[in-house]
Every structure is written in C-alpha cells, then in structure tokens.
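Laboratory data are not the source of any read-out in this text; all were calculated from the coordinates shown. This is a predicted model, so every value here is computed, not measured. FYI the Cβ positions are ideal-geometry reconstructions off the backbone, even for glycines, and counts take in every protein chain you see.
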Amino acid sequence: MSTEVTASSVISAEQQTSVSVSAQKEPVQKVNLLGMSRAELEKFFEDMGEKKFRASQVMKWIHQFFVTDFAEMTNISGKLREKLEKICEIKAPEVVHKNYSKDGTRKWVFRVGDGEGSLVETVLIPAEHRSGLRRTLCISSQVGCALDCSFCSTGKQGFQRDLTQAEIIGQLWMANYSYMEDVPVLERERSVTNVVMMGMGEPLLNYDAVLNSMRTMLDDFAYGMSKRRVTLSTSGVVPKIDQMVKDIDVALAISLHAPNDELRNELVPINKKYPLEQLIAACQRYIAKDGNESSRKHVTIEYVMLDGVNDHPEHAQQMIKLLKNLPSKINLIPFNPFPHAPYGRSSRNRIISFQKTLSDAGFVCTIRQTRGDDIDAACGQLVGQVADRTRRAEQWKKKISEKNEILRSQG
C-alpha cells in the first residue's frame with residue numbers, strides 16, 4: 001500500500017496553513033515514517049530535495065535502534081532533523097493493554113482507531129531451538145476478519161478495516177522495543193527472530209500493506225530477517241497466492257483444517273470459492289521456484305484438531321491423499337475453546353494417533369504446544385474482549401443455542 005502523502009505535499013500544506021488570514025493555524029498532519037518501505041522512504045526524501053540514501057539511515061534508526069526522536073539520529077544534519085521534526089513522526093499504534101505470561105509469552109492489545117472496537121492483538125511466543133532462543137511474533141493484518149471460519153473467535157467479531165503498513169510494522173517494532181526500553185540506544189538489538197502473519201485477519205485480503213510490511217521485515221536496513229523466518233498464513237485466497245509468486249519469497253502456511261471440500265466448506269467458508277483442488281494447485285505453483293536460497297521448499301499445513309469433527313482416522317487418510325504431491329510439513333493445533341464455541345478440543349490420545357498416521361506415511365508432522373493460555377494468547381483466542389461490531393457474534397450464539405435445543409428435543 002503506497003504512501004499517498006509526499007514530503008512536497010506536506011510542506012505545501014504547511015505553507016498554505018501559515019498564510020491563512022487571521023484564522024487560527026490548523027496543525028499539519030505529520031507523515032508517519034514507521035510504516036514506509038525503503039522504496040517509499042527514498043521517494044519521500046527525494047521529494048524533499050534530499051539524497052535517497054537518507055532513507056537507509058533513517059530506517060536503521062527506526063527499526064534497528066528503535067528511536068522515535070529525530071534529535072537522536074546523530075549521523076543526520078541538524079537542519080534535516082529539524083525539518084523532519086516539523087513534518088514527520090515515528091509513531092507505533094497505542095498500547096492499551098499488555099500482559100506477559102508465566103511461560104514467557106507476551107501479548108499486546110493495540111488501539112488502531114477510534115472507539116472500543118478498534119483494537120488488535122499481537123502475541124510473541126518464545127521457544128528453545130537448536131539454533132538458540134527463538135522468539136516468534138504473530139502479527140495481525142486486519143481489525144477483525146471477514147472470513148468467519150466457524151472455529152475461530154476472531155471471525156465472530158466481524159470485520160472493521162485493513163491495517164496500515166505503520167500499524168502492521170508497529171507491532172513488530174513494539175515487540176522488539178519491549179526488550180530494549182532500558183537499553184542504551186546504540187546497544188539495542190533486534191530480539192524477534194521469526195514473524196508469522198497469522199494474527200487477526202486474512203493477510204492476503206490486505207495484500208499491498210502486508211506485502212510492503214514483509215519487504216521491510218526482510219530489508220537489511222530494517223529488521224534483516226531471513227525469508228525462511230517470515231511466514232504468511234492464509235485460509236486460501238488462491239489468486240493472491242499466485243500474485244505472491246511474482247512479488248516476494250517468504251514461507252507460506254495454509255490454514256487447512258479439513259481434508260475434504262464438504263467439511264472445509266463448513267469450517268473455512270472461503271473454500272466454497274476456492275476449493276481444495278485449486279488451493280493445492282496454487283501451493284504447488286508457489287513452491288515451484290528453483291534455488292537453494294528459496295523459502296518455498298515446502299508449505300506448512302495448519303490443522304486445528306476439533307473433537308469428533310476432523311480428527312477421525314479417515315480424515316488422516318484423506319490428508320495423506322490430498323497432500324501426497326505437495327512438499328509439506330503438518331502442524332496439528334489443539335483447539336482452544338472460547339465462550340459459546342460449538343467445538344471441543346480433540347483428546348491428547350486422538351491427536352497423537354492422528355500424528356502417527358501422518359508420520360508413518362512419511363510426513364513431517366508436529367503437535368503445536370499450547371502457549372499463553374493464562375493471558376488468552378493461544379491460537380484462536382486472539383480477539384479477547386474486542387467489541388462485536390456487526391452483531392455476527394450475537395447471531396452466531398443464537399444459532400448455536402437453537403441447534404443445541406433441537407438436539408435436546410431429539411433426545
């Protein structure tokens with residue numbers, strides 16, 4: 001999502017305001033540099049009459065040293081710093097709540113607009129890894145979600161709007177800064193090692209902002225993350241998966257959750273538009289790129305385990321058949337119930353049995369460890385107390401209640 005406001009237009013607005021006759025000066029809306037990609041920053045500085053290398057200097061101060069005060073950018077001239085102070089800002093979304101779990105998980109609730117419902121959540125999960133401590137950040141891309149997957153609490157809140165680039169990158173910025181607040185500026189380090197676009201919303205339905213945000217994550221002058229450590233998770237927006245092939249090389253994860261169209265139509269309604277045959281074909285096209293450095297060697301398959309719904313032995317066999325020609329790693333996710341959820345979590349024994357069937361067939365299959373339960377940070381619980389803006393949750397609860405009443409009446 002390209003930034004519409006250029007430096008010249010902001011300066012022009014400032015000049016126009018300064019000459020307004022006898023009227024009180026209106027404050028100039030400052031340009032937030034936080035969300036700009038390097039290409040956008042280069043154009044911004046060129047529009048100011050500056051050399052474009054200023055973009056990489058400012059990016060390093062923002063994303064590597066977590067500086068928001070232009071006065072601290074010591075390798076930039078004082079004159080330019082003064083100019084930036086007048087027309088620009090570096091502003092992350094407002095933190096309205098944060099909580100750190102006893103297992104090391106951290107959760108933030110950000111306000112991204114006006115009203116109680118303009119909130120998104122971000123979760124950081126630490127884990128020991130053979131390469132050292134891994135800190136994985138789950139980033140939101142939308143306020144709410146329009147896809148209404150039946151097992152996901154976020155979908156029950158409805159959809160409000162897409163997040164901007166600054167609001168997306170701001171989540172990564174704040175997670176890193178949370179470890180660096182008391183560290184001297186020049187001693188600060190980036191702490192988040194992995195990013196998954198797997199929070200609230202469907203990232204491929206906010207394509208441009210997500211794309212440019214991921215480019216900033218990969219940029220050596222910003223977060224310098226390996227493309228294998230940036231993962232986009234989608235419920236299956238097939239045309240945008242194909243567009244990603246041309247635009248960026250990051251890891252791809254698919255929220256599958258069902259091995260046949262009939263069941264997936266119920267659990268993941270977008271399947272009615274892009275059924276499994278089309279989705280698997282798009283995944284095969286995505287990983288077709290050659291090159292040892294590509295992150296596209298396999299697709300991660302996410303599969304939430306719902307008791308008595310998608311966890312039967314025949315479902316495991318259908319998975320084997322569905323994925324037989326797709327290089328993939330399978331991640332089984334124990335369902336995390338939320339109020340009025342119509343599903344329960346599969347038993348541990350059933351999940352292990354499901355895993356064994358897939359592993360015996362030659363798949364790499366892991367069971368995700370549930371983290372952050374004590375702060376409602378586990379998968380499927382991200383929405384927390386976000387207000388329902390569309391009455392979808394109310395209608396959904398009524399539907400579940402009616403269904404339960406029918407079952408009781410049938411004995």
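Of note:
- Of Lys30/Lys91; Lys246/Lys297; Lys329/Lys356, those spanning more than 21 Å from alpha-carbon to alpha-carbon: none
- The chymotrypsin sites (Phe, Trp or Tyr not before Pro) found in region 265-357 include none that occupy coil by DSSP while having at most 12 further C-beta atoms within 10 Å.
- Applying the criteria of a DSSP loop state and at most 16 other Cβ atoms within 10 Å to the GluC sites (Glu not before Pro) of region 171-221 yields Glu181, Glu189.
- Across region 195-309, the convex hull enclosing all Cα atoms gives 105 Å³ per residue.
- Cα-based Rg of region 27-89 normalised by 2.2 N^0.38 Å, two decimals: 1.00
- The 3J(HN,Hα) values that the Karplus relation (6.51, -1.76, 1.60; θ = phi - 60°) gives for region 62-73 are, in residue order, 6, 9, 10, 10, 6, 9, 10, 9, 4, 5, 8, 7 Hz. Gly and Pro appear as x.
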